[in-house]
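Read the structure below first, then the notes.
The values are calculated or read from the model by the stated rules, or taken from the named source; none is laboratory data. Predicted model only: the values in this text are computed from it and were never measured. We place every Cβ from the backbone using ideal geometry, glycine too, and count neighbours over all the protein chains shown. The area values use the complete protein model at the heavy-atom level, side chains included, leaving out ligands, DNA and RNA. Shrake-Rupley method; radii C 1.70, N 1.55, O 1.52, S 1.80 Å.
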Amino acid sequence: MANDLNRSIKIYIDGTDAQQSINKIGESIQKLRDKLAALNTSEQDYVQKSKELNDKIKEKTATQERYRQKVQETERVLNNLSGATYRELLAVQKQVRKELQNAVPGTEKYNAALEQNRRVTQQVAAAQKAMRVEVGAQGTLMGRVADGFNRYAGIAAGAIASLTGITLTVRQCVDEYAEMEEAQCRT
């Protein structure tokens, strides 16, 4: 049993798809740079073509940087699940589930993605539970009114039932007294 507490699991992200995308973008950036270098400065529309190529290079570089940041962010969150925000956990959960869907069951990649999914889902559930407790503790005006009603409804119902019982008893006594008076008047 003591050994169960000391288990460690090595989790890794299979970033081959992301890395391939980054590499493809890098290749297209290099092709654009080669085209830019091959432009003849004596051409009539050199300025326009070079501007278009530079704009495309900037766009591709920005896309490549976004991919890199996304991969780094996913790795950061997975390495420190307890320190991640709720939105980060949801984003990583979406990414891990996508990897899980693309993996072949029974493979190491599938098993690792399955373990990642379990860990992230567990952390998301813990975060949701904490948020429910916090939101429930704050309560709205209507929530507090409903809570008060639920707490004191039994007492109020008991008091109303008691008053109704007393009223019926008094009425019954008055009716019996009236009948007795009426009976004495006849005799």
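Worth a mention:
- Criterion: closer than 30 Å to Gln69 by Cα, at pLDDT 85 or above, of a type outside the set (A, V, I, L, M, F, W, C) and assigned to a helix (DSSP H, G or I) - qualifying residue of Gln116, Gln101, Gln184: Gln101
- Hits in region 95-108 (condition: open to solvent by 60 Å² or more (accessible area, probe 1.4 Å) and over 16 Å from Glu75 (Cβ atoms)): Arg97, Gln101, Asn102, Val104, Pro105, Gly106, Glu108
- Members of region 43-63 found to be open to solvent by less than 70 Å² (accessible area, probe 1.4 Å) and of a type outside the set (D, E, K, R), listed by number: Tyr46, Ser50, Leu53, Asn54, Ile57, Thr61, Ala62, Thr63
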